[in-house]
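So the structure is just underneath, and the comments pick up after that.
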Amino acid sequence: MTIRQGKILIVDDNEDILFTLKMLLRPRVENITTCSDPKEINRLVSRNQYDVILLDMNFTTDAVSGKEGFYWLERILEIAPDTVVILITAYSDTTIFCRSNGLVHSIESYRKVTGIPIPVLEIISVNYFLNDICLLFKNLEDKIKIIPTTAHLQVIADKGLIEQVLINLIENALDATRHCSRPRIELSAGINEEGKTFIRASDNGTGIQVEVQERIFILFFTTKPSSSGIGLSISRQIMHMHKGYLSVLSEDGQGSRLFVTFGSIQK
């Protein structure tokens, strides 16, 4: 039997499973790394180029749902988008979870969407994006207020990708305010304390609970029954590709502010 060159990472909290998989694969693969702590994934994937990663879907803090596996899948794809990841589980509940939440379709959607093209960067006025959103949502001008900036702010960005991010934020704001008697959404821009340019989407909707705020950017996480949980995750990845970030400030019942912050300012 010929041993093939290649590197495999196996991540599972069960040491017996790690040992068994390593024994099974050792005659076939040259380099096998095992890891029992998913918190080590970022470090390992950042320092090594793996051909295949075998990833458990259920760790001790999330016994059978599979959500934790999807969380770590996103972390891997953020660092190494082209890596082949195989999700493994012994729990039938995970299959039920996937089907009941439409995740079989969502995974395919994520694969398609995360073939995000390399950004075609150019210097663009922030007002270009504000005006663009104004036109796209013109039929909702009674709900959405666009506040152009007078500061002549410019960023280096890909028009299409940033437009996608802003559309996602507006759609989330519309959903958050759907039960408001007087829904109000504002899109504005400015410069933060770090000197970085941002575009802010604010709403007077239901707000986001503190314990949920960081999770809204996790792949497939959603509090909405009809949502795939992909939009904000993709938006954050797009901002990472722009050397920027996506963040949220919110209080439960007090509305939300989401910030699209760019990595540099061009004057």
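The values are calculated or read from the model by the stated rules, or taken from the named source; none is laboratory data. Because the structure is a prediction, the values reported are computed rather than measured. In this analysis, Cβ positions are derived from the backbone assuming ideal geometry, glycine residues included, and neighbour counts consider all displayed protein chains.
Of the strands (runs of 3 or more DSSP E) that lie entirely inside segment 119-164, those containing 3 or more residues that are in the same structural domain as Ala176 (by TED's automatic domain parsing) and within 16 Å of Arg184 (Cα to Cα) span 144-146.
Based on this model, can you work out whether Thr197 counts as crowded, with 19+ Cβ neighbours inside 10 Å and either polar (S, T, N, Q) or at positive phi (or both)? The answer is yes for Thr197.
Among the residues making up segment 1-51, those that are in a helix (DSSP H, G or I) and in contact with a helix residue (DSSP H, G or I) (Cβ under 8 Å, 6 or more places away or on another chain) are Pro38, Ile41, Asn42, Val45, Ser46. Looking across segment 161-200 at every residue that is farther than 16 Å from Gly244 by Cα and of a type in the set (Gly, Ala, Ser), the one that is nearest to the chain's Cα centre (by Cα) is identified as Ala173.
Taking Pro27, is it modelled with pLDDT of 75 or more and outside the structural domain of Gln154 (by TED's automatic domain parsing)?
no
For segment 247-259, the condition of being buried (at least 22 other Cβ atoms within 10 Å of the Cβ), in a strand (DSSP E or B) and at pLDDT 85 or above holds for at least one residue. Once segment 171-194 is narrowed to residues that are among the acidic types (Asp, Glu) and part of a loop (DSSP other than H, G, I, E, B), the residue that is surrounded by the most Cβ atoms within 10 Å (Cβ to Cβ) is Glu194.
Can you say whether Asn168 is closer than 20 Å to Ser233 by Cβ, of a type outside the set (Asp, Glu), touching a Gly at 6+ places or on another chain (Cβ under 6 Å) and not in a loop (DSSP other than H, G, I, E, B), as far as the supplied structure shows? Against the criterion (closer than 20 Å to Ser233 by Cβ, of a type outside the set (Asp, Glu), touching a Gly at 6+ places or on another chain (Cβ under 6 Å) and not in a loop (DSSP other than H, G, I, E, B)), Asn168 qualifies. Scanning segment 32-73 for residues that are of a type in the set (Asp, Glu), modelled with pLDDT of 85 or more and surrounded by 19 or more Cβ atoms within 10 Å (Cβ to Cβ) yields one hit, Asp56.
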